[in-house]
Amino acid sequence: MKRHLAATLAAVLTVSASPARAQTHVTTVVTPTHISAGSQLYSNDLDGLRDHLETYRLSQPSVYNQLDSRLARLESANTTGNVVMWGSVGLGLTVLFLPLLGVGQEDCSELEGDILDFNDTREEDCRDANLSRGLTMMAVGGAIGLGGGLIGYLLKPTRDDRMDYINEHNRVAPSAPLKLNVGYSTRSRMARATLRWMF
């Protein structure tokens, strides 16, 4: 028995004394971070596209006129989407918190009856009604915030819309094409890291 315990203890100590060798391989994938036109870099959004288009206003007015209306439609859709999305979220939160501020709630303290009168349920009914109205208002506020926020998001231009604009630009101005550049950053919060451990 003692020999068995000693052998087991020796095996445990041997395994514990052997350091685990682990190697971490991190692969970072980042979405395109900017748009390039020649040596100039622009942010990968509508503001960056507008900044770039403004460079054509004086130098190539024909190109500017062809692309301005299309980009303006994207900017208008983006503004509409933001207004609907954030307006709905703000309105939804307001309605959601109104019951907590006492809005739509009745004062039930005046209905307090004799504690021994079990047939007098006015106060209880009042509180139940307040709770029901409060939950209804909170549900309506949540629906407004989530539903309106989703609708606003769907109204905003997508990445495909921006790509269509870039393709249209490159067709109109093939001598100075726009390009999407992929950034690489190990500190990017949006990066997806894949860890692989080998022992």
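Applying a threshold of 6 Å to beta carbon distances and a minimum spacing of six or more residues, or different chains, the list of pairs starting in segment 56-85 at a residue that is closer than 13 Å to Glu168 by Cβ and ending at one that is among the small types (Gly, Ala, Ser) reads Val63/Ala173. Return the pairs, sorted by first residue and then second, in which the second residue is of a type in the set (D, E, K, R) and in a helix (DSSP H, G or I), the first residue lies in segment 147-167 and is closer than 20 Å to Leu49 by Cβ, the beta carbons are less than 7 Å apart, and the residues are 6+ apart or on different chains. If the second residue must be of a type in the set (D, E, K, R) and in a helix (DSSP H, G or I), the pairs left are Tyr165/Arg70. Looking only at residues that are in contact with a helix residue (DSSP H, G or I) (Cβ under 7 Å, 6 or more places away or on another chain) and of a type in the set (Asp, Glu) in segment 67-108, which one is farthest from Thr136 (Cα to Cα)? Looking at residues that are in contact with a helix residue (DSSP H, G or I) (Cβ under 7 Å, 6 or more places away or on another chain) and of a type in the set (Asp, Glu), I get Asp68.
Any read-out appearing in this document is the output of simple, stated calculations on the displayed coordinates, not a laboratory observation. Predicted model only: the values in this text are computed from it and were never measured. Heads up, the Cβs are rebuilt from the backbone with ideal geometry, glycines too, and the neighbour counts pull from every protein chain shown.
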